[in-house]
Protein chains: 4
Amino acid sequence: MEKETGRIEGFSDGVFAIAVTLLVLDLHVPEENSIKNGNDLIIFLKNQWPAFLAFVLSFFSIFIMWVNHHKIFKQIYSRNSAVTFANGLILFLVSAVSYPTALLARYFEGEASSIVVAIYTGIFVLINLSYNLLWYLASKNKELLRPGITDVAIKKIQNNYFYGLPIYLIALLFSFWIPTVSLIVILGLWIFWAASSGKIEMHLNNSHKR
Amino acid sequence: MEKETGRIEGFSDGVFAIAVTLLVLDLHVPEENSIKNGNDLIIFLKNQWPAFLAFVLSFFSIFIMWVNHHKIFKQIYSRNSAVTFANGLILFLVSAVSYPTALLARYFEGEASSIVVAIYTGIFVLINLSYNLLWYLASKNKELLRPGITDVAIKKIQNNYFYGLPIYLIALLFSFWIPTVSLIVILGLWIFWAASSGKIEMHLNNSHKR
Amino acid sequence: MEKETGRIEGFSDGVFAIAVTLLVLDLHVPEENSIKNGNDLIIFLKNQWPAFLAFVLSFFSIFIMWVNHHKIFKQIYSRNSAVTFANGLILFLVSAVSYPTALLARYFEGEASSIVVAIYTGIFVLINLSYNLLWYLASKNKELLRPGITDVAIKKIQNNYFYGLPIYLIALLFSFWIPTVSLIVILGLWIFWAASSGKIEMHLNNSHKR
Amino acid sequence: MEKETGRIEGFSDGVFAIAVTLLVLDLHVPEENSIKNGNDLIIFLKNQWPAFLAFVLSFFSIFIMWVNHHKIFKQIYSRNSAVTFANGLILFLVSAVSYPTALLARYFEGEASSIVVAIYTGIFVLINLSYNLLWYLASKNKELLRPGITDVAIKKIQNNYFYGLPIYLIALLFSFWIPTVSLIVILGLWIFWAASSGKIEMHLNNSHKR
């Protein structure tokens, strides 16, 4: 069976690539009259550290989402309307990430810290849910998947996204208590995905080569 | 016969992906001195609801247009200048959607409501017309289409776009009377496309497999 | 011989698609306090007509450049450094078009009219020159071209770009005298490209099928 | 062995294409009331020369990085997590280039000149390091590479990036002394890459055809 999802992947890659590249627009250049010398500029850049943190955090979060998107669609060979719209939901949320990022960059320091961290972690909870939805809709109909995929592999992918959910929820809860912890949890998830991604892939390749 | 429209589809996908992702730039982050605490931020975000509504409405409208574009070009195997320029017209209008969206976001509440909703629904009328034009130009010359496509399938696609036109015109008319109804009609059309898209596809696939 | 220029075309398509879609960012939404009712908005939009004109003119100019880029690269099967960098020059100028477009949108009315039209037409002169350069560099080494391409076809493409040059120069000259004529000439070139594009293509396809 | 890196290349091309095209947004259009006639506009544009210089410099730097990315991935046929994340690091830095470019455009003239040139050359040092890292991670595991690639070719690519590092470091050092020299060094590296790129490619193609 030929893979039919080429154009859906191309479009998704486009949205991921643009979403990730637009993030840089939230790094602000100081106004011309506010900077007199190199020292002023260094102070300005130092004070803007939440913007740089938010930029790095969102860039690699979206990048890892793309890696995961890639991995899921390697197993999806055909699509129906439900899969198309679940994918649309993911793309919508990914394209929206730059807004909570901009809020985080500007208000992480100060009284509104909890709210902006809650909104920021909240969007990752929603993205995690939409990945779970996509895989649920794709895998409940085995005709859509790569021929020869094993039930173990299907379950493994499902668990991978399912286990992310409680961690994102913990990050969301911490935002109301110690916002910094939330961001550390999200950072920690990168390492989780990076490590687990290796293992799943190995498994899937094995089942592929048989 | 080999499909010759690969690069036109790639370029179109790029324009759709960028148009849809740029929409987020219309969500404004509040000025630094206007927000003192979390409450101020929540109030700011609540007052910005037309911007969020416009963002969601335009994102999924363009996304569904992309799905439809994909579906049409699955049937187009070759192209001539007329098809190229009809496609260019669609891309022009799609790339322009973010401007009426920004107007809607800022002026949906207030005296200019009717005008911005009329402009917003007006661009969807034009996009619908340009899809009708594209399919008319492509299908009047059967050499451009997928070999083996049936007349029933051609007619089915034509009707799909043709029936959308009066509905968009109704939305346009309502904008001068009860603007909210216009937006509900556009929202309703999503469900129409999503539902009808499933059926057409099934039909075309059947005729494909024969 | 296999076509080796796939990734260069993909990258170029990306730049064209983004350049064309970013143009909409130059359409300005009026400030919130400047618009009291629908009438104010209509007056604002009417006064912004040079921005809409510049948007339409630049969109279709870049779109036609993309069509021509597509057409040239259908004949180029292999690439060397010279072709890569000539293509880079085209992409540089295409990505820059939005700046003269923004100048045109803001200053077409008023004293600076000649200068902005001269800059605007000037960039099209440069783009035309870089297309001539690309085709010169690609065609002087027949090993880079599609196997079986005839000398007549090579000459035909060359003439197509060569004849555009004096017309763009005329547009440039008129900008210092009657700027409006310059824009009409550029608009007229669309029709020239659209018409001639059909004919060249037919010729090339014939030579292809033989 | 089939090439498995198609989608990673497509995504990377997207990021490069967007990063390069967004640079134009840093060219500012003068405020409406500041320009009375054509002369005012010419003076404004002349004073903005560092912005144009930064635009040209960054555009072709990213373009050459893309050419090099293309060249490396022509040799990489398979990928593991390490290669994916090294590539992510390159894309992160490439997408960030527009920020140092904007700083350079605004502060190259004046007291903060050294700092902005140091930041600007600094990001190129980091990009060079991440290219070295990518090739190190890809080539240490010959299973990931194009079957039949020779050790000479692997070494040649490695040297190509390795030799760039001291030159970028020299540019970085000069930024604290004579900032203009730094920019000339970066410009000089273009010629180095363009010239060396030709030679390496020739070598690789020979080893390919054998």
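Things worth noting here:
- Note that the range A:6-209, at 25 °C in a medium of 0.890 mPa s, gets a Stokes-Einstein diffusion coefficient of 134 µm²/s from its Kirkwood radius over C-alpha pairs.
- Helical runs assigned H by DSSP (4 residues or longer) give chain A a calculated mean residue ellipticity at 222 nm of -26000 deg cm²/dmol, each run adding -39500 (n - 2.57) before division by the residue total.
- For the range B:1-143, averaging the sequence separation of C-alpha pairs within contact (under 8 Å, six or more residues apart) and dividing by the residue count gives a relative contact order of 33 percent.
- Once you reduce the range C:94-127 and the range A:1-76 to the center of their Cα atoms, the two points are 31 Å from each other.
- Fully extending the segment from A:LEU165 to A:LEU25 would add 47.4 nm, taking 0.36 nm per residue of separation and subtracting the current Cα-Cα distance.
- For chain A, the dipole from Cβ point charges (+1 on Lys and Arg, -1 on Asp and Glu) about the Cα centre works out to 1000 debye, to the nearest 20.
- Cross-link pairs D:LYS3/D:LYS155; A:LYS71/D:LYS74; A:LYS156/D:LYS142 - those with Cα-Cα distance over 25 Å: A:LYS156/D:LYS142
- The other copies place their C:TRP177 label points at 5.6, 5.6, 7.9 nm from this one, listed shortest first, where each point is 7 Å from Cα along Cα→Cβ.
- Paramagnetic reach from D:GLU111 (point 7 Å along Cα→Cβ, amide N under 11 Å) across the range A:38-76: A:38-41
- Less than 5 angstrom separates the built amide H of A:ILE76 from those of A:ARG146, all sequence-distant by 5 or more or on a different chain.
- In the complete set of protein chains, residue-level accessible area for A:LYS71 is approximately 20 Å², probe 1.4 angstrom.
- Cα→Cβ-extended label distance, 7 Å offset, between B:ILE43 and C:ILE191, nm: 5.9
- For the range C:4-159, the carbon plus sulfur part of the accessible surface works out to 59%, probe radius 1.4 Å.
- Label point 7 Å beyond Cα of A:ASN33 along Cβ direction - residues of the range D:35-52 with amide nitrogen under 12 Å: none
- With θ taken as phi - 60° and the Karplus curve 6.51 cos²θ - 1.76 cosθ + 1.60 applied, the whole-hertz 3J(HN,Hα) list for the range D:58-67 is 6, 4, 6, 5, 5, 4, 5, 4, 5, 4 Hz, x standing for glycine and proline.
- Modelled this way, with points 7 Å down the Cα-to-C-beta line, the labels at D:VAL181 and B:PHE52 are 5.6 nm from one another.
- Residue-wise HN-Hα coupling along the range D:167-184, computed from phi with Karplus coefficients 6.51, -1.76, 1.60 (Hz; x: Gly, Pro): 5, 5, 5, 4, 4, 4, 5, 4, 4, 7, 10, 10, x, 4, 4, 4, 5, 5
- Comment: the Cα-to-Cβ extended label point of B:HIS28, at 7 Å, lies 1.4, 1.4, 2.0 nm from its counterparts in the other copies, nearest first.
The values are calculated or read from the model by the stated rules, or taken from the named source; none is laboratory data. Bear in mind the structure is a predicted one, so any value in this text is a computation, not a measurement. All Cβ positions, even for glycine, are placed from backbone atoms using ideal geometry, and neighbour counts span all protein chains on display. Note: accessible area is taken over every heavy atom of the protein model, side chains too, but ligands, DNA and RNA are not part of it. Shrake-Rupley method; radii C 1.70, N 1.55, O 1.52, S 1.80 Å.
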